[in-house]
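**Student:** Just passing along the structure, written as C-alpha cells.
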Amino acid sequence: MALIRYAPVAPAANLLRWRTLFLAFSLAIVIGSGVLLAVRGLNLGVDFRGGILIEVETRQPADLGDLRARLGGLGLGGVSIQEFGNPTDILINVQRQEGEEQEQIAAIELIKQELGDAVVEYRRTEFVGPKVGDELRRAGILATVLAMLGITIYIWFRFEWQFAVAALLALIHDVISTIGLLALLQLEFNLATLAAILTVAGYSINDTVVIFDRVREMLRKYKKLPLVELLDLSINSTLSRTTLTSATTLMALIALSVFGGEVIRGFSIALIWGVVIGTFSSWGLAVPVLSYMNLRGGIGGADDEASAGSEPERLTEKA
C-alpha cells in the first residue's frame, strides 16, 4: 500500500469570499443597535434607576395578572411583578417615588395594605436611591470597558497587534449588538443582564482565540500560501468544534429561558443572542478583518524549511 501526495486542498467552505458582505452585515447591526439605543433606550431595572424592591411569599400560587392590576391602580407609577422559583415566590419592583425616604416608606405601606392577608412573609424590602443607581451605572460601564481592554491586551501579548485589533472590533460588535437587542425587546436591564453582556464577551473571545491560534500555526507552517486561503483553512479546521460547542450551549440556554422564569429571562435571552452573534463574529468579523492586515511580518516559527515553505497537502492511500 503506497501513499500518494497530490495538489493542495481547497477549503471545504470558502467563507472569506463573502467577507465584504459579512463586514457590511456586522456594520449594519452595530448602526441599527445604536439607533435603537438612541430612540428606544434601555428599560433600566431598579438596580440602575432606583426604586422599591419587595420579595414576598404568598399563601397560594399568585395570579400575576390580578396582582399587576391591583398594584397598578395604586398610582405608584411603573410596577413590575415577577414569579421566581416556586409559584408562591413573588418579586415586586416599583419605580422610585417623588420625594425622600418618607415617601418611599409610605408607598411600601400602601402596597402591603393592598396585598393584605394574601402574603405569608415579606422576605425582603429594599429601596435603591438614585445616587446608588448612578453609581451602579458607572460601575457597570467601567467593568465592561476594563474587561474589553484586558481581553485586548491579552490577545496583543499572546499573538500580535493585528489580532488584538480584530478581537477588539469583534468584542465591540458583540456588546453593542446585545445591548441593541435589549433595547429592541425592552427587556429589563439590570445587574443580571450586565453580567450576561460580560459573559458574552468572554464566550466570544474564547471562540476567537481558538481560530486565531490555528491562524498563527498555519502562518508559521505555510509561508507561501495566499493569506485569504490560509485564513479560510483556519476557519474550516475549527468550524465543527465552534458549531458543536455553540449548539450545546444554546440547548442549555433555551431550556433556561423557557423554564427559568421571569427573573432570569432577560439574562437567558441576552446570552442566547450573545452566543449566536459571538460565534458569527469569531469567523465572520474577526478573521475577515485579519485578511486586510499584513500578518506575514513578525510572525514566524522554528519549523524546518521544508515545512515552512510548503503548502498544505492531502495524503491519500492507494492499494
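**Student:** What is the Cα coordinate range of the range 51-128 on the first, second and third principal axes, sorted by size from largest, in whole angstrom?
**Tutor:** 34, 22, 20
**Student:** On full extension of the chain, what length is gained from Trp161 through Glu135, given 0.36 nm per residue of separation minus the C-alpha to C-alpha distance?
**Tutor:** Working: separation 26, 0.36 × 26 = 9.36 nm, distance 3.37 nm.
Stretched fully, the Trp161-Glu135 segment lengthens by 6.0 nm.
**Student:** Relative contact order, percent, of the range 51-128 when contacts are C-alpha pairs under 8 Å separated by at least 6 residues? Write down the numbers at each step before the final one.
**Tutor:** On the way: 124 pairs, mean separation 38.3, N = 78.
Normalised by residue count, the contact order of the range 51-128 is 49 percent.
**Student:** Then there's this: Tell me, Tyr222, Tyr292 in order of fewest to most beta-carbon neighbours within 10 Å? Walk me through the numbers on the way to the answer.
**Tutor:** Details: Tyr222 20, Tyr292 12.
So the ranking, lowest neighbour count to highest, is Tyr292, Tyr222.
**Student:** With a 10 Å radius around each residue's Cβ, average the other Cβ atoms per peptide and rank 21-27, 72-78, highest first. All intermediate terms of the calculation are to be shown ahead of the outcome.
**Tutor:** Values: 21-27: 15.3, 72-78: 12.9.
Per-residue mean Cβ counts within 10 Å order the peptides as 21-27, 72-78.
**Student:** For n ≥ 4 DSSP H runs only, could you compute -39500 (n - 2.57) per run for the chain, divide by its residues and tell me the 222 nm figure to the nearest 500? Each step should come with its number before you reach the end.
**Tutor:** Numbers: 11 runs with 193 residues, N = 319.
The per-residue figure over the chain is -20500 deg cm²/dmol.
**Student:** For mean projected area of the Cα convex hull in nm², the listed values are (1) 21.5; (2) 15.3; (3) 16.8; which was obtained by calculation from the structure presented?
**Tutor:** Checked against the structure: label (1).
**Student:** Between Glu55 and Arg241, what is the FRET efficiency for a Förster distance of 51 Å, r being their Cβ-Cβ separation, to the nearest 0.05?
**Tutor:** On the way: r = 42 Å, r/R0 = 0.83.
For Glu55 and Arg241, the calculated efficiency is 0.75.
**Student:** Antiparallel versus total DSSP beta bridges in the chain: what percent is that, nearest 5? Could you put the intermediate results ahead of the total?
**Tutor:** Working: 25 of 27 bridges.
Antiparallel: roughly 95 percent of the beta bridges in the chain.
**Student:** Output the relative contact order of the chain, whole-number percent, from Cα pairs under 8 angstrom with separation of 6+ residues. Spell out each step's value before the answer.
**Tutor:** Working: 444 pairs, mean separation 93.4, N = 319.
Rounded, it is 29 percent for the chain.
**Student:** For the pair Arg220/Ile172, report the inter-label distance in nm, with labels modelled 7 Å from Cα in the Cβ direction.
**Tutor:** About 3.0 nm, to one decimal.
**Student:** I'd like the orientation of helix 191-221 relative to the chain: the angle between its Cα long axis and the longest Cα principal axis, in ° from 0 to 90, rounded to 10.
**Tutor:** Approximately 0 degrees, to the nearest ten.
**Student:** Here is a follow-up. Report the FRET efficiency, 1/(1 + (r/R0)^6), for Phe259 and Asn294, where r is their Cβ-Cβ distance and R0 is 51 Å, rounded to 0.05. Could the numbers behind the result be given before it?
**Tutor:** Values: r = 50 Å, r/R0 = 0.98.
For R0 = 51 Å, the calculated efficiency reads 0.55.
Throughout, read-outs are computed from the coordinates displayed, never taken from laboratory work. Because the structure is a prediction, the values reported are computed rather than measured. Using ideal geometry, Cβ is built from the backbone for each residue, glycine included, and neighbour counts are taken over all protein chains shown.
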